[in-house]
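Below: the structure, in structure tokens.
The values are calculated or read from the model by the stated rules, or taken from the named source; none is laboratory data. Since we're looking at a predicted model, the values are computed, not measured. Virtual Cβ from ideal backbone geometry, glycine too; neighbours counted across all protein chains shown. The area values use the complete protein model at the heavy-atom level, side chains included, leaving out ligands, DNA and RNA. Shrake-Rupley method; radii C 1.70, N 1.55, O 1.52, S 1.80 Å.
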Amino acid sequence: MDQPSLEYFIEIARQLNISKAAESLHISQQSLSAYIQKLERHYGVMLLVRKPKLKLTPAGERILLAAEEIERIYQELAQDMSSLENNADIRVSLGIFEPLVSLVMQNLPIIEIGRRYPNVSFHIETGFNLEILERLSRNELDFAIAGFTGVEDSIREQLEVVPLSQDEDCIIITEEVMRLYFADEYDQYVEKFQKGVDILELSHVPIVMHPMESGVSKKIRKYFMDHHRTFKVFGEGPSQDVVNSMVLRNKAFGMCNGTASRLLLERTDKKVHVFPLEKPKLKREIVLVYPKKKKRNSFLEEIAGMIAGNWPKSMKAPSFDADGRKEE
């Protein structure tokens, strides 16, 4: 038996009234009842409870979810094909994890995408991971580039996750702040920290952190709590640029991923130490994510592939000698 269309079933589920659904679909009640029977025979389950009041069975609710998803895919496909056919403007919504904004904009292959799809434009929105994922689930974004210290299985079940790179967080601190808080032991600690920093050793130095919602901040706070230690928070920076600005003004030390530390050093003449963070070890996975339901949208999938293909694969923090010179 050919699989019956699910279009009528959506209307029945919306109305939960056979006569109203038949009227809305411009068919007879008899035809609609026959359709329901055919659908139930095809799947081998009851989809509706008729008495005392029409309602969906658990199987019917599952069929409705699938039917609505199929309907949405067809609608999106029709819109995409119409836009491509008529060369109309297509807006792609891209969400970016706030601390990664500078990195993403540096590596977004705008020119290549523009050549392939000249009618595509990007609408950029920023936020933190949880907010971005919620907006993806509501289909308010097409893609997102996020930074995770780990992607939960529940998230992976809903999203297509394209790994871009892994990055390790490190410590950034100016020479002036190091000399202020380590005084006569400056040289000793610089040499020691080049091999890796236990962040507990900096508990007496003010830190500028990303907001509490960020995964890295949560892990840092938990690490101090687990060791029954406190730390001095100078302030919270909503983006890596704000964190860097506070660090460069000799206000505090900060956290930075390897790539961002390279950008920081390229843009300042100030002597800044970049030390690997040994404890807690934080590896940040940078990923491109989009709802699995959009996977079959070919032009969106191709754009995702172009972004992933252009992303730098090696993003480790630079290393320095005892005089602060970057080692090749």
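Results for (1) more than 40 Å from the chain's Cα centre (by Cα); (2) among the hydroxyl-bearing types (Ser, Thr, Tyr), shown as yes or no for each residue.
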site: 5; (1), (2): no, yes
site: 20; (1), (2): yes, no
site: 23; (1), (2): yes, no
site: 30; (1), (2): yes, no
site: 36; (1), (2): yes, no
site: 45; (1), (2): no, no
site: 53; (1), (2): yes, no
site: 62; (1), (2): no, no
Could you figure out which of (1) buried (at least 16 other Cβ atoms within 10 Å of the Cβ); (2) touching a strand residue (DSSP E or B) at 6+ places or on another chain (Cβ under 6 Å) isn't true of residue 211? (1)
Index of the failed condition, residue 154 passing every other in (1) exposed (fewer than 13 other Cβ atoms within 10 Å of the Cβ); (2) at pLDDT below 85; (3) not in a helix (DSSP H, G or I): (3)
Return the residue satisfying two criteria in turn: it lies in segment 40-52 and is in contact (Cβ under 8 Å) with a residue 12 or more places away in the chain and either out of contact with any Ser or Thr (no Cβ under 9 Å at 6 or more places or on another chain) or part of a strand (DSSP E or B) (or both), and of such residues it is least open to solvent (accessible area, probe 1.4 Å). 48
Can you name the residue in segment 160-197 that is loosely packed, with under 14 Cβ neighbours inside 10 Å and not in a helix (DSSP H, G or I) and is also modelled with the lowest pLDDT among such residues? 163
Filtering segment 251-293 down to residues that are open to solvent by 80 Å² or more (accessible area, probe 1.4 Å), part of a helix (DSSP H, G or I) and touching a strand residue (DSSP E or B) at 6+ places or on another chain (Cβ under 8 Å) yields 292
Looking only at segment 89-126, which residues are modelled with pLDDT of 80 or more and among the acidic types (Asp, Glu)? 112, 125
Considering each of 35, 8 in turn, give the residue that is open to solvent by 50 Å² or more (accessible area, probe 1.4 Å) and touching a helix residue (DSSP H, G or I) at 6+ places or on another chain (Cβ under 7 Å). 8
Leading residue by the ranking (most open to solvent (accessible area, probe 1.4 Å)) among those in segment 216-244 that are part of a helix (DSSP H, G or I) and at pLDDT 85 or above: 225
Would you check if residue 65 is open to solvent by 100 Å² or more (accessible area, probe 1.4 Å), part of a helix (DSSP H, G or I) and either at pLDDT below 85 or closer than 30 Å to residue 303 by Cβ (or both)? yes
For segment 102-123, the count of residues that are closer than 22 Å to residue 256 by Cβ and in contact with a strand residue (DSSP E or B) (Cβ under 6 Å, 6 or more places away or on another chain) equals 1
Within segment 240-264, how many residues turn out to be closer than 18 Å to residue 206 by Cα and either free of Cβ contacts under 8 Å to residues at least 24 places away in the same chain or not acidic (Asp, Glu) (or both)? 16
Tell me, please, whether a residue that is open to solvent by less than 20 Å² (accessible area, probe 1.4 Å) and touching a Lys or Arg at 6+ places or on another chain (Cβ under 7 Å) can be found in segment 296-304. yes
Checked pairs for segment 169-190, first farther than 25 Å from residue 217 by Cα, second open to solvent by 80 Å² or more (accessible area, probe 1.4 Å), C-beta under 7 Å and 6 or more apart or across chains, list as 186/179
